[in-house]
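The values are calculated or read from the model by the stated rules, or taken from the named source; none is laboratory data. Keep in mind that what you see is a predicted model, and the values were worked out from it rather than measured. Note: ideal-geometry Cβ built from the backbone for every residue, glycine included; neighbour counts use all protein chains shown. Just the protein is used for accessible areas: all its heavy atoms, side chains included, with ligands, DNA and RNA removed. Shrake-Rupley method; radii C 1.70, N 1.55, O 1.52, S 1.80 Å.
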Amino acid sequence: MTLTGEEALDAAYDWCTLMRDEVNDYDDGTPASSMYSGSDVIVTYQMGSRRVYRHYPNNAMRTEAQDSLKRVIESDDYRQSMIDQYQLDSGYVSQLFISTVNAVLDQDAFFEKFNIRMLYRSYERQKDGVVIDLLMEALRQDILNRTLEDKQEMPLLEVDLQINLPDSNVSFEQVSIYPGDEHFLNALFGEQAEEVVRYASGGFAENDDIVVLKVDYTQTYAEIRQSAADLREIVASVTPAHTPEEARQWMAKAQETSADQRYYMPYREDKPLSRLVVYQMSMVEKYAHFYGYKVPQDKAALYANPEISPMMMLDYVGD
């Protein structure tokens, strides 16, 4: 992003100050390779004709940075940078490919409920120009209205853009589509959009064929990453959802607080890790004979058997 507005620059300066202070807390001689993780931020300071580059970690201070991040991400500068980066006003997008991030959208059950196939959906300007322009205008409207809270949700889709520029250069961009991107989702799913979002965000668990287990561990997310612990050896408890509604609520909440290194998420890696493990019982029973396991009566015991494959797993921290 390029920031020039006074409000956005002030917010970015506050954020950079927090990141600088985090660097200052490291011991002298700490190798740079051990400081940085997936949430690093590279900042270019442009001061007249002089440029200064700084590479910051953005870990423990992320919780304190939420106000600064909110002001940056909701600024006109940031939003216009995204519009320019994706060429949403130019008409230069020549090809658009949509893929799913949320595995629920690839399931047969999703197709059976909505009659929508999401795999390998692509559009080319030569034959789908009207659709591409419709989707790009919808994305533009969503970017103009996105909040920090929207970007902290788990994405539903990824959109790959091929951009043919007037100088004959070709560039490629990838855009996340979040549950709050109602314009794009309405353009893609029509009147089913709201129900699709609810389904993907946990509604699919309201099904007697689905078992959702909440697995709590004895170590924090950071400790597990550093020690590479065998998760089954550090289990504190396994609790099944008692009702389909509780299963839906768990899934929705876990998607809101998923442990993640994205720079705009609060820092939660110092809290105990939990995991939602989802089983589709019809598939568990189908493969029981093939893999030679016995389906346990106690649903909590599903997790203890590594031969029983879950439908999905979602790590999260906090309540």
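Yes or no: ASP67 acidic (Asp, Glu), open to solvent by 60 Å² or more (accessible area, probe 1.4 Å), modelled with pLDDT of 95 or more and under 30 Å from TYR267 (Cα atoms)? Criteria met by ASP67. Go through (1) in a strand (DSSP E or B); (2) loosely packed, with under 14 Cβ neighbours inside 10 Å; (3) more than 20 Å from the chain's Cα centre (by Cα) for GLN162 and report which single condition fails. It is condition (2) that GLN162 fails.
Of all residues in segment 263-275, those that are touching a residue at least 24 places away in the same chain (Cβ under 8 Å) and over 27 Å from ALA241 (Cβ atoms) have Cβ atoms under 9 Å from Cβ atoms of residues that are open to solvent by 50 Å² or more (accessible area, probe 1.4 Å) and assigned to a loop (DSSP other than H, G, I, E, B), 6 or more apart or on another chain, in TYR263/GLY38; TYR267/THR63; TYR267/GLU64. Filtering VAL104, VAL131 for residues that are open to solvent by less than 60 Å² (accessible area, probe 1.4 Å) and over 15 Å from the mean Cα position of the chain (by Cα) leaves a single hit, VAL131. Name the residue, out of GLN174, GLN192, GLN95, GLN162, that is in contact with a strand residue (DSSP E or B) (Cβ under 6 Å, 6 or more places away or on another chain), more than 30 Å from LEU69 (Cα to Cα), polar (S, T, N, Q) and modelled with pLDDT of 95 or more. It is GLN95.
For segment 98-137, the set of residues classified as in a loop (DSSP other than H, G, I, E, B) and out of contact with any strand residue (DSSP E or B) (no Cβ under 6 Å at 6 or more places or on another chain) consists of ASN102, GLN107, ASN115, ILE116, ARG117, LEU119, TYR120, listed by residue number. Taking only segment 114-124 into account, find how many residues are modelled with pLDDT of 95 or more and crowded, with 16+ Cβ neighbours inside 10 Å. The qualifying residues number 1.
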